[in-house]
Protein chains: 2
Amino acid sequence: MAEKQFVKEVADINENFAQWYTDVVLKTELVDYGPVKGTMVIRPYGYAIWENIQKDMDARFKATGSQNAYFPLLIPMSFFTKEAEHVEGFAPEVAVVTHAGGAKLEEPLAIRPTSETVIGTMYSKWIQSYRDLPVIMNQWCNVMRWEKTTRPFLRTSEFLWQEGHTVHATEEEAMEETIKMLNVYRDFMEETLAMPVFCGRKTEKEKFAGAVATFGLEAMMLDGKSLQSGTSHYLGQNFSKAFDIKFLDKDGVQKYGYTTSWGTSTRMIGAVIMSHGDQRGLVLPPKVAPIQVIIVPIAVHKGGVIEKAKELETALLSAGIRAQTDTRDMSPGWKFNEWEMKGVPVRIEIGPRDIENNQVMIMRRDTLEKQALSIDGLANALTELLDTVQKDMLVKARARRDAKIVEADSLEGILAGVEGKNFVKAGWCGCRECEDKVKETAQATARVMCDEEGVPEKCAICGKPAKHKVIFARAY
Amino acid sequence: MAEKQFVKEVADINENFAQWYTDVVLKTELVDYGPVKGTMVIRPYGYAIWENIQKDMDARFKATGSQNAYFPLLIPMSFFTKEAEHVEGFAPEVAVVTHAGGAKLEEPLAIRPTSETVIGTMYSKWIQSYRDLPVIMNQWCNVMRWEKTTRPFLRTSEFLWQEGHTVHATEEEAMEETIKMLNVYRDFMEETLAMPVFCGRKTEKEKFAGAVATFGLEAMMLDGKSLQSGTSHYLGQNFSKAFDIKFLDKDGVQKYGYTTSWGTSTRMIGAVIMSHGDQRGLVLPPKVAPIQVIIVPIAVHKGGVIEKAKELETALLSAGIRAQTDTRDMSPGWKFNEWEMKGVPVRIEIGPRDIENNQVMIMRRDTLEKQALSIDGLANALTELLDTVQKDMLVKARARRDAKIVEADSLEGILAGVEGKNFVKAGWCGCRECEDKVKETAQATARVMCDEEGVPEKCAICGKPAKHKVIFARAY
């Protein structure tokens, strides 16, 4: 009876993936709905994942020479109008402050949906000479985009993210930075989130409002849909001209800089959930798991069991493993379910018999395999095991994804492909009409271009000569 | 000539402290003014201080069992009205979102000036049983309070901070948490910011809007004024009743929880500047200095000098010292000025003669003392030196402060005391009229009460029996 109330059931992952997702994120206490429609509260278990993501990414950014800074939340509405495409893209989503300090403001202020405009304004003031370049800054902050349909982590009116903003003296350097950060993101997503991604240029239709070129990272979720997990934009001189970011070059000539921006967000937490989860709940990669090893004592009332469990916990913590002992007065079976749902990578069971035999039982969350391990050298063995789990999760995710990529040479083929929950590679003539037709017919969009794989002869939609090879997919 | 343009003069620290502050924060590139009046941009050198503060504090919070989370930026205006004192205190400062997504909102939304109301709403949902208590969460975020007069770090419409929010089953536990966090703050400020603080309870007039009791940390700036550097609030059941935070206790009775909240902000950066600076600029405590050791090669064009400097830098970095080599093609004198203004705790000078003698010249920023150190074992010697600087800075700040504390037993005495740039300790009857009189006459406020030192017989203002001993000071 008492047990019953703790059973937290989730929807069938194959039959109703959307409901499975909602059930899992709420029941594992990653997140909750905020009081204002479309907002989320990131609860401690979810925020700890974000902290692990931040720490890892931040070190990668700093290794490229990037420095963190903080720019204001509120941006004068007039700033948005300075870059024509940018305002068109973001104005409909902006939240506007009209009153403050008990009075109406002279000019309404936008809550940043992204910070190109305010950062561009500051860069214009700070940058004078080629000696000031490159400028490579990043900020970790909240942004707001008013959305009609929202889902925790995936699309919320407010979310947390990082946005990098750089200025360079030449087009070449700026493009190099754009691709460098795209690769930093890819390495992070593969190595830390165990999530394979397709990196490539976006079509004109799908690019960032105001960019010359946008490069995206697309990951395949368990339902075959794509989730854009990060973007890196080459902005050319669009923003430097709009915000007057000029420098005196070595040759004595005033020139406009070339800018880039790149961003990833708490959306990545949704990506991790939908890349690795299963019917039991979350499966977290060790590198971002808040708890890497959960120790469940069996027969907690027997003398010495909790003491031995705590002793192991201390040894694991000293070895840099995020370990925790579940000493609550509940049945082991209940605890197993709970920690499996919470996606803890490794479970240790330790009971009186195990202690006698100087061993523990281990279960890997990713494979559900159990094995006995000696207590001697346990920390080392687990460090290795966590490393193995991390790598195996990427291999598994990649194999799953690669088995769901098909090629198509007709609109019907694209439709059949996405209906079968695949990513579909196809030739494309490059025209907007064909792209729109795919959207109408198959509810799929061009995720990224992958011309480097070799462009097919014909456009799969209109049959004219193809200019690009595109990955089409339904997307979040 | 080329040198001249780099000379960055600052106002006289004794004659015009306010201008000195503004000059220093702008010229060292800690901060800049944002485009919207009253906002600031925290530049990389300033933000790096904040990152060091965050990392240190965050570890201290987590050691007390606190977990980080993230709550929404926007709060329905109606939430504020639920706690009467709270709305009275914060409504005049709130920035309000009235439009979003291209339409007028049904209910206006406040940008959080503090998050008791939205967090209370979520706690009410999450907390059911005594088993769920205590709840101890913290968030690092931005907040907004529309201010008329602003100064970078000290008072800006938007600032960064952390706010802890806890719920407990009993009054006693909640009060214990309030004092525990006050002490965590004090230890941090003394050990990490090298800044002595007076901790004590605030008067009714000065307490947080909605609190039963507020405890503050007050630091004396170089001009004798007080800067409130953090606060810890015991909220009793005020917010739990307003937001229905109830739990089923062990005895089967539904009870309201007891809550606390505690916060510190980017204001602390201002406190560090005004606690330790001098005519040359910043003097940063090693624990928060973005660069702890700056290596300035002398005669950069001589073979081997830069190489040797870089070699030292690598050795220091490996020892965990934040070291950097200034390889720019500028005169050493110019560099000395620049890094002194930027407050780098230790400077290393290394030239051809030093290399021959297997030594370097060291200068301590806090004392301006120079000494020669052997290159052998330099990393160890500098680790020790940085530790010494850190400790000496606290000793010096404490001695300076303690010399500027006077006692008074009359209103004239209080006035004379604060005119002399002192903190003034005096007896107080506890009535608002006397407190207001001090404000009118001496432009000073009650900073904290220090009854534990022994309450004087009479109120210095009205002569009636004193109930408290108070520290009066002019304040930021």
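Go through (1) part of a helix (DSSP H, G or I); (2) more than 9 Å from chain A (Cβ to nearest Cβ) one by one and return the number of the condition residue B:48 breaks.
Single failed check for residue B:48: (2).
Yes or no: the stretch A:75-82 includes at least one residue that is more than 25 Å from residue B:76 (Cα to Cα), more than 7 Å from chain B (Cβ to nearest Cβ) and not in a helix (DSSP H, G or I).
yes
In the stretch B:279-293, is there at least one residue being in contact (Cβ under 8 Å) with a residue 12 or more places away in the chain, under 16 Å from residue B:349 (Cα atoms) and touching an Asp or Glu at 6+ places or on another chain (Cβ under 7 Å)?
no
Go through (1) facing chain A (nearest Cβ under 8 Å); (2) crowded, with 21+ Cβ neighbours inside 10 Å and name the single condition residue B:156 misses.
(1)
Looking at (1) under 29 Å from residue B:121 (Cα atoms); (2) part of a loop (DSSP other than H, G, I, E, B); (3) touching a Gly at 6+ places or on another chain (Cβ under 8 Å), which one does residue B:224 not meet, given that it meets all the others?
Here residue B:224 clears every test but (1).
Determine which single condition residue B:55 fails, assuming it passes every other condition in (1) at the interface with chain A (Cβ under 7 Å from one of its Cβ atoms); (2) within 30 Å of residue A:66 (Cβ to Cβ).
Going through (1) at the interface with chain A (Cβ under 7 Å from one of its Cβ atoms); (2) within 30 Å of residue A:66 (Cβ to Cβ) one by one, residue B:55 breaks only (1).
Among the residues of the stretch A:404-418, is there at least one that is within 16 Å of residue A:220 (Cβ to Cβ) and of a type in the set (Asp, Glu)?
Taking every residue of the stretch A:404-418 in turn, at least one turns out to be within 16 Å of residue A:220 (Cβ to Cβ) and of a type in the set (Asp, Glu).
Hey, can you tell me all the residues within the stretch A:282-323 that are surrounded by 18 or more Cβ atoms within 10 Å (Cβ to Cβ) and not in a loop (DSSP other than H, G, I, E, B)?
A:293, A:294, A:295, A:296, A:297, A:305, A:308, A:309, A:312, A:313, A:316, A:323
Among the listed residues B:107, B:93, which satisfies the condition of being out of contact with any helix residue (DSSP H, G or I) (no Cβ under 7 Å at 6 or more places or on another chain), acidic (Asp, Glu) and either facing chain A (nearest Cβ under 7 Å) or touching a residue at least 12 places away in the same chain (Cβ under 8 Å) (or both)?
The match here is B:93.
To keep it simple, each residue is scored yes or no on (1) at pLDDT 95 or above; (2) surrounded by 14 or more Cβ atoms within 10 Å (Cβ to Cβ); (3) assigned to a helix (DSSP H, G or I); (4) β-branched (Val, Ile, Thr).
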position: A:396; (1), (2), (3), (4): yes, yes, yes, no
position: A:399; (1), (2), (3), (4): yes, no, yes, no
position: A:418; (1), (2), (3), (4): yes, yes, yes, yes
position: A:421; (1), (2), (3), (4): yes, yes, no, no
position: A:427; (1), (2), (3), (4): yes, yes, no, no
position: A:430; (1), (2), (3), (4): yes, yes, no, no
position: A:435; (1), (2), (3), (4): yes, yes, yes, no
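Would you say residue B:41 is assigned by TED's automatic domain parsing to the domain that holds residue B:173, part of a strand (DSSP E or B) and crowded, with 20+ Cβ neighbours inside 10 Å?
yes
Residues are listed down the side, and each one gets a yes or a no for (1) more than 32 Å from the chain's Cα centre (by Cα); (2) within 24 Å of residue B:48 (Cα to Cα):
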site	(1), (2)
B:309	yes, yes
B:318	no, yes
B:332	yes, no
B:338	no, yes
B:343	no, yes
B:347	no, yes
B:350	yes, no
B:364	no, yes
B:377	yes, no
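Taking the criterion of being among the acidic types (Asp, Glu) and either under 16 Å from residue B:214 (Cβ atoms) or not assigned by TED's automatic domain parsing to the domain that holds residue B:41 (or both), would at least one residue in the stretch B:105-122 satisfy it?
Yes, the conditions are met somewhere in the stretch B:105-122.
Considering only the stretch A:363-380, how many residues are surrounded by 20 or more Cβ atoms within 10 Å (Cβ to Cβ) and either free of Cβ contacts under 8 Å to residues at least 12 places away in the same chain or farther than 18 Å from residue A:287 by Cβ (or both)?
Residues meeting the conditions: 2.
If I ask for residues that are without any contact (Cβ under 8 Å) to a residue 12 or more places away in the chain and touching a strand residue (DSSP E or B) at 6+ places or on another chain (Cβ under 9 Å), which ones from the stretch A:299-314 would you list?
A:314, the sole residue that qualifies.
When residue A:134 is evaluated against the numbered criteria (1) under 26 Å from residue B:75 (Cα atoms); (2) in contact with a Gly (Cβ under 9 Å, 6 or more places away or on another chain), which criterion, by number, is the only one it fails?
Only one criterion in (1) under 26 Å from residue B:75 (Cα atoms); (2) in contact with a Gly (Cβ under 9 Å, 6 or more places away or on another chain) is unmet by residue A:134, namely (1).
Counting just the residues of the stretch A:19-35 that are hydroxyl-bearing (Ser, Thr, Tyr) and farther than 15 Å from residue A:50 by Cβ, which one comes out nearest to the other protein chains (Cβ to nearest Cβ)?
Step one: list which residues in the stretch A:19-35 are hydroxyl-bearing (Ser, Thr, Tyr), which gives A:21-22, A:28, A:33.
Now drop any that are not farther than 15 Å from residue A:50 by Cβ, which leaves A:21-22, A:33.
Values: A:21: 20, A:22: 17, A:33: 9 Å.
Applying the filter and picking the extreme gives A:33.
Restricting to the stretch A:58-74, what's the tally of residues that are under 29 Å from residue B:113 (Cβ atoms), not hydroxyl-bearing (Ser, Thr, Tyr) and not in a loop (DSSP other than H, G, I, E, B)? Before the answer, list the steps.
In the first step, residues of the stretch A:58-74 are kept if they are under 29 Å from residue B:113 (Cβ atoms); the result is A:58, A:68-74.
Filter once more, so that each one left must be not hydroxyl-bearing (Ser, Thr, Tyr): A:58, A:68-69, A:71-74.
Subsequent filtering for residues that are not in a loop (DSSP other than H, G, I, E, B) retains A:58, A:68, A:74.
Number satisfying all stated conditions: 3.
Please verify whether the stretch A:340-358 includes one or more residues that are modelled with pLDDT of 95 or more, closer than 20 Å to residue A:276 by Cα, part of a helix (DSSP H, G or I) and not acidic (Asp, Glu).
yes
Could you check how many residues of the stretch B:249-281 are part of a loop (DSSP other than H, G, I, E, B), among the β-branched types (Val, Ile, Thr) and crowded, with 23+ Cβ neighbours inside 10 Å?
Here is the first cut: in the stretch B:249-281, the ones part of a loop (DSSP other than H, G, I, E, B) are B:249-253, B:257, B:266, B:277, B:279-280.
The next check asks that each one be among the β-branched types (Val, Ile, Thr); those that pass are B:253, B:266.
From what's left, crowded, with 23+ Cβ neighbours inside 10 Å: B:266.
Looking only at that region, the number is 1.
Within the stretch A:390-400, is there a residue that is closer than 27 Å to residue A:276 by Cβ and more than 34 Å from the chain's Cα centre (by Cα)?
no
So, in the stretch B:110-147, of the ones that are basic (Lys, Arg) and either at the interface with another protein chain (Cβ under 7 Å from one of its Cβ atoms) or surrounded by fewer than 24 Cβ atoms within 10 Å (Cβ to Cβ) (or both), which residue ends up nearest to residue A:161 (Cα to Cα)?
If we take residues in the stretch B:110-147 being basic (Lys, Arg) and either at the interface with another protein chain (Cβ under 7 Å from one of its Cβ atoms) or surrounded by fewer than 24 Cβ atoms within 10 Å (Cβ to Cβ) (or both), then B:145 is nearest to residue A:161 (Cα to Cα).
Mind listing just one residue for me: the one in the stretch A:232-246 that is in a strand (DSSP E or B) and surrounded by fewer than 24 Cβ atoms within 10 Å (Cβ to Cβ) and, of those, nearest to the chain's Cα centre (by Cα)?
A:236
Given the conditions (1) among the acidic types (Asp, Glu); (2) surrounded by 19 or more Cβ atoms within 10 Å (Cβ to Cβ); (3) in contact (Cβ under 8 Å) with a residue 60 or more places away in the chain, which single one is not true for residue B:349?
Evaluating residue B:349 over (1) among the acidic types (Asp, Glu); (2) surrounded by 19 or more Cβ atoms within 10 Å (Cβ to Cβ); (3) in contact (Cβ under 8 Å) with a residue 60 or more places away in the chain leaves (3) as the failure.
Which one of these is of a type in the set (Asp, Glu) and over 21 Å from the mean Cα position of the chain (by Cα): A:29, A:9?
One residue alone meets the criteria, A:9.
Could you please tell me which pairs satisfy a Cβ distance under 9 Å, a separation of 6+ or placement on different chains, a first residue in the stretch A:327-343 that is of a type in the set (A, V, I, L, M), and a second residue that is surrounded by 17 or more Cβ atoms within 10 Å (Cβ to Cβ) and in a helix (DSSP H, G or I)?
A:330/A:338; A:341/A:24
Yes or no: the stretch B:162-178 includes at least one residue that is in contact with a Cys (Cβ under 7 Å, 6 or more places away or on another chain), surrounded by 20 or more Cβ atoms within 10 Å (Cβ to Cβ) and more than 14 Å from every other protein chain (Cβ to nearest Cβ).
No, the stretch B:162-178 contains no residue that is in contact with a Cys (Cβ under 7 Å, 6 or more places away or on another chain), surrounded by 20 or more Cβ atoms within 10 Å (Cβ to Cβ) and more than 14 Å from every other protein chain (Cβ to nearest Cβ).
The values are calculated or read from the model by the stated rules, or taken from the named source; none is laboratory data. Bear in mind the structure is a predicted one, so any value in this text is a computation, not a measurement. For neighbour counting, all protein chains shown are included, and Cβ atoms are generated from backbone atoms with ideal geometry for every residue, glycine included.
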